Amino acid sequence: MMRDFSFEKQAQDGRARTGVIKTTRGDIRTPAFMPVGTAATVKAMMPDSVRSTGADILLGNTYHLMLRPTAERIDRLGGLHKFMNWDGPILTDSGGFQVMSLAALRKLTEKGVTFKSHIDGSKHEITPERSMEIQRLLGSDIVMCFDECPALPADRDRIAQSMELSMRWAQRSRDAFGDRPGHALFGIQQGGLEQDLRRESADALRDIGFEGYAVGGLAVGEGQEAMFGCLDYAPDQLPQDKPRYLMGVGKPDDIVGAVARGIDMMDCVLPSRSGRTGQVFTRLGVLNIKNARHMDDPRPLDENCGCPACRHYSRAYLHHVFRSQEIISSMLLTWHNLHYYQDIMAAMRTTIAAGTFDAWQRDFHATRAQGDIDPL
């Protein structure tokens, strides 16, 4: 018999929480950062390598996978876990954000969205029902409701109309999801930066009932100050006994600030995408490995990091392979960035449990403020 999906909060320090989400494919320690495997792969990484960084769960992208290789093909080949050789939990997004941001000639109606593929111009339709069908075919453990996510800034009427449509789609998603033991459906709170609209959205989602709740519609251009202002109240509008997921976030200080405000789960392409473009995250802030100052530097990226890039290679070597456009550069820098992100999550879990999260948070910001400017 499949184990039910559940969330257990184990400790809280201020508003920051630590706990565990139990799924049929393993536990997810929270706070959790989910590496993004857009097209059934975390770019430049093998699944075992991703696991070695400390990741418990990956994110897959409904929009990209429905277009190529198609959800039906993945289903015939045994589901997404088998297809990409990842035996841990997978969360799939609904496809709504990518439809709005990537697709051409899209048309939004009460029924759903019709659009042309950014790959070949072919015409497609996603409705709440179709999104649930695609995610069922993929076999993801955590399924996201289909919603609309307007870019910010937007006027209040536009945000209100979008939120109300998303809540109607949330009910249709819940109805279409059906009874799937061992799988979870998350609702997505919308409402932009309007506190009363966020409350209205949260109340609608509570009435429908979900296994988890996401704060959607942020990290879409509003800036960190505005995002944190929203997170000062939005997570607390959602059920306290369910996981709370902030979608598409973010930079290391975004993540720490979100956890401090009660968020349990996050995802972002930033650590992997930055690794491929030479941007490296360390305890002392951000460095750009392409810069000439690294050319003769024998030091590791971060002397306190245990990833393969830091254990075995110098900045000089990583500068060389990046400038030479060698594939190993993307592999090692992505590995380092993902390892660093998971180190942050592990430190937050430990310090929340110990009741020392505030002190850790102050040290985290103070260390990053030093900058990576030490002379050789």
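Considering the zone a paramagnetic label at R276 would reach in this model (a point 7 Å from Cα along the Cα-to-Cβ line), which residues of the stretch 112-135 have amide N under 19 Å from it? The answer is 118-120, whose backbone nitrogens lie closer than 19 Å to the label point.
Among the GluC sites (Glu not before Pro) found in the stretch 77-159, those both in a DSSP coil and sparsely packed, with 10 or fewer other Cβ atoms within 10 Å of their Cβ, are E110.
Sequentially through the stretch 153-167, phi angles give Karplus couplings (6.51, -1.76, 1.60; θ = phi - 60°) of x, 9, 6, 4, 4, 5, 5, 5, 4, 5, 4, 5, 4, 4, 5 Hz, Gly and Pro residues having no value and appearing as x.
From Cα pairs below 8 angstrom and at least 6 apart in sequence, can you work out the relative contact order of the stretch 2-78, rounded to a whole percent? The partial results should precede the final answer.
Numbers: 93 pairs, mean separation 16.5, N = 77.
It comes to 21 percent, rounded to a whole number.
Computed from phi, the 3J(HN,Hα) profile of the stretch 202-215 under the Karplus parametrisation 6.51, -1.76, 1.60 (θ = phi - 60°) reads 4, 5, 5, 5, 4, 5, 6, x, 9, 7, x, 9, 10, 8 Hz, with x in place of Gly and Pro. The charge dipole of the stretch 6-268, taken about its Cα centre with unit charges on the Cβ of Lys, Arg, Asp and Glu (plus for the first two, minus for the last two), comes to roughly 700 debye. Amide H contacts of T38: K43, each under 5 Å away and 5 or more positions distant or on a separate chain (H built 1.01 Å from N in the peptide plane; Pro and chain starts excluded). All other residues whose Cβ lies under 15 angstrom from that of Q195 are scored, Lys and Arg at +1 and Asp and Glu at -1, for a net of -3. Counting only the backbone N, which residues of the stretch 39-60 are under 12 Å from the spot 7 Å out from the Cα of L77 toward its beta-carbon? It comes to 39-41, nothing else. Among F7, F322, a tally of other beta-carbon atoms within 10 Å of each Cβ gives an order, fewest to most, of F7, F322. Here the 3J(HN,Hα) profile of the stretch 105-121, calculated from phi with Karplus coefficients 6.51, -1.76 and 1.60 at θ = phi - 60°, is 6, 7, 10, 9, 9, 4, 5, x, 10, 9, 7, 9, 4, 6, 7, 9, x Hz, Gly and Pro shown as x. Placing a label point 7 Å from the Cα of Y233 along the Cα-to-Cβ direction, the residues of the stretch 205-225 whose backbone N falls under 19 Å of that point are 205-206, 214-219, 222-225. Each Lys or Arg adds one and each Asp or Glu takes one away; over the other residues whose Cβ falls under 15 Å from the Cβ of L105, this sums to +2. As a length-normalised measure over Cα pairs under 8 Å and 6 or more apart, the relative contact order of the stretch 196-261 settles at 42 percent.
Taking a ≥ b ≥ c as the square roots of the eigenvalues of the Cα gyration tensor, an a/c ratio of 1.5 or more together with a/b no larger than b/c marks the stretch 337-376 as oblate.
What 222 nm value per residue comes from the helices of the chain, counting each DSSP H run with n ≥ 4 as -39,500 (n - 2.57) and dividing by all residues, nearest 500 deg cm²/dmol?
Taking each H run of at least 4 residues, the total per residue is -12500 deg cm²/dmol.
Only lysine pairs 8 or more places apart or on separate chains count here, and in the chain those with Cα atoms under 15 Å apart total 5. The gain in end-to-end length when the E8 to N291 segment is fully stretched comes to 97.3 nm, 0.36 nm per residue minus the alpha carbon separation.
For a quick check: sort R283, R299, R51 by the number of other beta carbons within 10 angstrom, fewest at the front.
R299, R51, R283
Each of F357, L333, M295 was placed along the dipole of the stretch 278-370 (beta-carbon charges, centred on the mean Cα), and the one lying farthest toward the positive end is M295. Once the chain from E125 to H320 is taken as fully extended at 0.36 nm per residue, the excess over their C-alpha distance is 65.6 nm.
For the chain, the longest principal axis of the alpha carbon atoms and the long axis of helix 327-354 meet at an angle near 80°. Once the Cα-Cα distance is subtracted from the 0.36 nm per residue extended length, the Q171 to R51 segment shows a gain of 39.7 nm.
From Cα pairs below 8 angstrom and at least 6 apart in sequence, can you work out the relative contact order of the chain, rounded to a whole percent? The partial results should precede the final answer.
On the way: 742 pairs, mean separation 65.0, N = 376.
Relative contact order here is 17 percent.
The modelled label-to-label distance for the pair L105/R311, using points 7 Å beyond Cα in the direction of Cβ, is 5.2 nm.
No value in this document is a laboratory result; all are computed from the given coordinates. No experiment lies behind these values; they were computed from the predicted model shown. Neighbour counts run over all protein chains shown; Cβ positions are idealised from the backbone, glycine included.
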